[in-house]
Amino acid sequence: MNAMAEIETGYHYQLMRRAIDLIDAGGRDMSLEEIAGQMHMSPAHFQRIFSRWAGVSPKRYQQWLALDHAKDLLATRHTTLETADRVGLSGSGRLHDLFVRWEAMSPGDYAKGGVGLTILWGWFESPFGPALIMGTEKGICGIGFAAETGAEDTMADLKSRWPRATFIEDAATLAPLAAAAFPRDGDSGAAPQLFLIGAPFQIKVWEALLTIPTGQVTTYSDIARVIGSPKAVRAVGTAVGRNPISWLIPCHRALRKSGGLGGYHWGLPVKRAMLAWEAAETA
């Protein structure tokens with residue numbers, strides 16, 4: 001991704017972030033001119049860059065940013081995961097309309113805390129602000145977002161997952177993985193290769209997340225049921241929150257049964273932007 005593209009994608013997320021705050025404060029029915037004015041932009045400029053990011057007009061996008069969007073998703077786009085299984089969306093996982101390849105670290109190796117493991121890292125811009133991508137020779141093992149949490153905390157958080165690993169900055173080597181994670185301008189690119197590093201129960205939960213189709217959502221209780229632990233809803237929620245490969249393992253598509261968004265490790269504004277972006281993309 002070139003420097004200008006990085007600046008643009010970061011700027012677009014900040015625009016989405018400000019739009020979310022504005023709409024939450026009562027701007028759901030504001031006109032294009034009113035929203036653009038609040039953003040200190042001309043209506044034409046605001047609409048152009050907004051539509052480039054979201055793929056739809058600001059007016060259409062407002063409905064996806066509404067506070068009750070999670071409830072609307074559960075009413076109209078809820079998958080029980082068992083249905084996803086029946087239509088062939090499981091196994092290696094259907095992910096953002098790509099068949100991805102992934103493998104998991106063995107429980108024994110995971111218990112060693114990453115000893116002997118070399119993890120490369122680099123910063124990249126994404127539709128949701130600065131993204132920290134980590135990977136091994138087997139694929140992407142971590143994606144964190146810093147727009148809400150800050151770069152230092154995001155780095156410390158991901159490094160803490162594998163405290164005995166060796167970390168090396170190498171954005172150049174990771175660039176193809178970043179391009180696969182965040183394809184631009186409709187280019188699907190290569191299917192991402194993922195390397196799941198977690199405890200066995202966590203990996204079961206992350207595998208279930210991989211079966212949620214783009215633009216759809218499920219609940220923590222649905223995940224608990226599909227992995228054979230229907231009473232472990234709280235544990236499932238914890239495992240969802242510990243997902244290290246955000247966005248590609250779509251923990252943002254897991255909601256509370258009540259229709260609440262639940263938590264999101266990298267900040268609820270990021271989760272809401274992801275859900276709105278996907279809803280607009282698949283509308």
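The values are calculated or read from the model by the stated rules, or taken from the named source; none is laboratory data. Predicted model, so just to flag it, every value in this text is computed and none were measured. Glycine gets a Cβ as well: all are built from the backbone with ideal geometry, and neighbour counts include every protein chain shown.
Among (1) modelled with pLDDT under 95; (2) under 18 Å from the mean Cα position of the chain (by Cα); (3) surrounded by 14 or more Cβ atoms within 10 Å (Cβ to Cβ), where does D157 come up short? Result: D157 fails condition (1) only. Quick test for you: out of W247, W266, W277, pick the one residue that is at positive phi, among the aromatic types (F, W, Y), under 12 Å from the mean Cα position of the chain (by Cα) and not assigned by TED's automatic domain parsing to the domain that holds S57. It is W247. For segment 237-254, the criterion of being part of a helix (DSSP H, G or I), within 30 Å of A75 (Cα to Cα), in contact with a strand residue (DSSP E or B) (Cβ under 9 Å, 6 or more places away or on another chain) and basic (K, R) is met by at least one residue.
Scanning segment 255-283 for residues that are within 19 Å of Q14 (Cα to Cα) and assigned to a loop (DSSP other than H, G, I, E, B) turns up Y264, H265, W266, G267. Of everything listed in (1) of a type in the set (V, I, T); (2) modelled with pLDDT of 60 or more; (3) surrounded by 12 or more Cβ atoms within 10 Å (Cβ to Cβ), the single unmet condition for T83 is (2). Taking segment 100-143 as the region of interest, the strands (runs of 3 or more DSSP E) fully inside it that hold 3 or more residues being at pLDDT 90 or above and within 20 Å of A181 (Cβ to Cβ) are 118-126, 129-136. Any residue that is at pLDDT 90 or above and touching an Asp or Glu at 6+ places or on another chain (Cβ under 6 Å) - is there at least one of those in segment 177-184? Taking every residue of segment 177-184 in turn, none turns out to be at pLDDT 90 or above and touching an Asp or Glu at 6+ places or on another chain (Cβ under 6 Å). Scanning segment 25-58 for residues that are at pLDDT below 70, assigned to a helix (DSSP H, G or I) and closer than 22 Å to F145 by Cα yields one hit, A54.
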